Each structure stands twice: as C-alpha cells, then as structure tokens.
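The structure under discussion appears below in the form of structure tokens.
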Amino acid sequence: AFVGPDGCGKTSFINSFSSQLDPDIKIIKFHIRFHTVPRIGQLINRIKNLFGSSTSISMSATSSSLDDQYQKYHYPPPKHILVCILVLLYECIDYASGYFYSFFSRRQTFFIFDRYLYDYYTELDWINTPHWFIRIVMFIAPTPNHIVHLTNSAEAIFSRKGELSIEEINMINYRIEHLLASHTSYTTIVTDKPADDLAFEFITNKLYV
C-alpha cells in the first residue's frame, strides 16, 4: 500500500514499481479499497432507488474536488465522528472480503494499493476519526506486507503539484507518521530521485532480500 499526500509521487512510483516486477507475477491495482462491496453512499442510493427516491450524495475516502482555475483541492467540512465510525465499520466488510478473495489467486500475485484504509484517518475531511478507533479497524482489516509512505518536504511536493497547501501537506504527512510510523511494515521513501531508481532500490532492498 502506497500512501502520501497528493503530489508526493505515488502514481509515478507505482507505475515504475509495477513495470520492474517479474513479468510472471500477476499485478492487481486498487484505489483505497478492494471494491468487493459498494461504497456506503452508493449503497444508500441503491436502497433509496428501490423506494422511488434517489440521491447523488456519496461518501468516499477523499471527497475533495478540483473546481477552480488554480486547480486547488477544496476539502468539505470534516465528517462527524459518528459518520467516521459508521463508514469505517462498513468498510471493514470490503477489506475482509477482499482479503478472502485474494486467497483464490492461482499464481503469485501482487496487490498494489494507491492509498489504503489509512485514508479514513489521514485525509483532512476524515480528521475527526478517533485515533483509538482507526487502531481497532487496523487490527480487524488485513495489513499490507509493505506500507510505503512516499514523502518529501512540503515545499517540494507543493512545487510539483500545488493542489494542496503547504499546511495541508504537512498535516497529512504528520497524521500518516502518527498513525503508521511504529508499524513493522512501514517504510518511508523520500521522492528526491527518479521514480525508476526509487522503485529499483525498493524492490532490491525490501522485497527480494
């Protein structure tokens, strides 16, 4: 699972990482979740459709938008603590069922996540998620073999892709470290080299030692 603020280099790193793996390895890429069950907002919408009413409201791990000339993210107000808890409880179904599904892979498979469960704590619109509760959910949900935090200075990330402010980048990086730094699967990679070089170093040092 690759985590980090927008602009840290996740997409470039994942693409380079994927291209350097053994071609006999099956690669399946996901965004945040397995998607074995619909998002809770989609589920609510489907239920309402059964009764002749519908809504376009959908809850997602990141619900920011790029809707002005400066291409900045605009986060909605932080979700209420009860919403955070209910959504995370529901999301556990997706992570557990996705993990169960992975056992049916018929050959060696890499499951690569661009973001993961941790978004429900580290993203600014989920800032009200209690730390103790996300810890419980992390215990229930499957843990990736490698949690890779792609990072750099907030100024460097902002200069590449100024979708988030420097303050927002610092806050997301802080919350990622606060949540994951003590985890045995956690690795930090500073994206100060070309993605191909970083991916090669990671594969050599972490996966095949």
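Quick rundown of the values:
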| read-out | value |
| --- | --- |
| Total residues in segment 170-209, condition open to solvent by less than 50 Å² (accessible area, probe 1.4 Å) and out of contact with any strand residue (DSSP E or B) (no Cβ under 7 Å at 6 or more places or on another chain) | 7 |
| Wholly within segment 115-209, helices (runs of 4 or more DSSP H) carrying at least 2 residues that are without any contact (Cβ under 8 Å) to a residue 40 or more places away in the chain and closer than 25 Å to residue 15 by Cβ | 154-160, 195-202 |
| Candidate set from segment 138-169 (those that are of a type in the set (Val, Ile, Thr) and over 25 Å from residue 203 (Cα atoms)); member that is least open to solvent (accessible area, probe 1.4 Å) | 169 |
| Those residues of segment 168-205 which are of a type in the set (D, E, K, R) and over 20 Å from the mean Cα position of the chain (by Cα), in sequence order | 192, 193, 196, 197, 201 |
| Which numbered condition residue 30 fails, given (1) part of a strand (DSSP E or B); (2) farther than 22 Å from residue 119 by Cβ | (2) |
| Neighbours by Cβ (under 7 Å, 6+ apart or cross-chain): first from segment 14-28, in contact (Cβ under 8 Å) with a residue 60 or more places away in the chain and open to solvent by 20 Å² or more (accessible area, probe 1.4 Å); second β-branched (Val, Ile, Thr) and not in a strand (DSSP E or B) | 20/203 |
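The values are calculated or read from the model by the stated rules, or taken from the named source; none is laboratory data. For clarity, every value in this text was computed on a predicted model and none was experimentally measured. Quick reminder, even Gly has a Cβ in these numbers, built from the backbone with ideal geometry, and neighbours come from all protein chains shown. When the accessible area is computed, the model is the full protein with side chains, heavy atoms only, and any ligands, DNA or RNA have been set aside. Shrake-Rupley method; radii C 1.70, N 1.55, O 1.52, S 1.80 Å.
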